[in-house]
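Take a look at the structure set out below.
The values are calculated or read from the model by the stated rules, or taken from the named source; none is laboratory data. Source: prediction; values computed, not measured. Here the Cβ positions follow ideal geometry from the backbone for every residue, glycine too, while neighbour counts run over all protein chains shown. Areas reflect the complete protein model, heavy atoms only, side chains present, ligands, DNA and RNA absent. Shrake-Rupley method; radii C 1.70, N 1.55, O 1.52, S 1.80 Å.
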Amino acid sequence: PAALTLDRLSAFHQAGYEIAANCWRCKRWVTFDLLKVIDEHGDRSIVDFHPRCSLCGEAAHKQIRTPLTPFEGYPS
């Protein structure tokens, strides 16, 4: 199988990954719509993607969620 390179936001989207951010100050959690982010800000490197809280402006902590694999009994 080919290697999976997750360097750009579009690569995360194409591979089924999600990118979320957490603001420790506001205790907010946001999962990004990657297509919308790419459309508005360009297909940037994940390293250069620095989300900030839209309420307080604090730098948010990025989190990557792996794709969910459907299995028997998993609600679709």
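Across segment 12-23, rounded Karplus estimates of 3J(HN,Hα) from the backbone phi angles (6.51 cos²θ - 1.76 cosθ + 1.60, θ = phi - 60°) give 4, 4, 5, 7, x, 7, 10, 10, 10, 9, 10, 9 Hz, Gly and Pro being marked x. Which one is right for this structure if Cα extents along the principal axes in Å is calculated from it: (i) 41, 30, 19; (ii) 37, 26, 23; (iii) 47, 33, 16? Only one listed value fits the structure, namely (i). Only helices enter the 222 nm calculation for the chain: every DSSP H run of n ≥ 4 contributes -39,500 (n - 2.57), and dividing by all residues gives -4500 deg cm²/dmol, rounded to 500. Using the average count of surrounding beta-carbon atoms within 10 Å as a protection proxy, the listed peptides 6-13, 52-59 rank, highest first, as 6-13, 52-59.
Taking the accessible area of the chain, probe 1.4 Å, and keeping the other protein chains in place, the carbon and sulfur fraction comes to 53%. So what is the accessible area of the chain per residue, in Å², with the probe set to 1.4 Å? I get 75 Å² per residue for the chain.
For residue 8, the residues 5 or more places off, or on other chains, whose built amide H falls under 5 Å of its own are 46. Taking amide H positions as modeled 1.01 Å from N, with prolines and chain starts lacking one, the residues under 5 Å from residue 28 and 5 or more places away or on another chain are 23. Summarising the amide proton neighbourhood of residue 58: residues at separation of 5 or more, or on other chains, whose placed amide H is nearer than 5 Å comprise 53.
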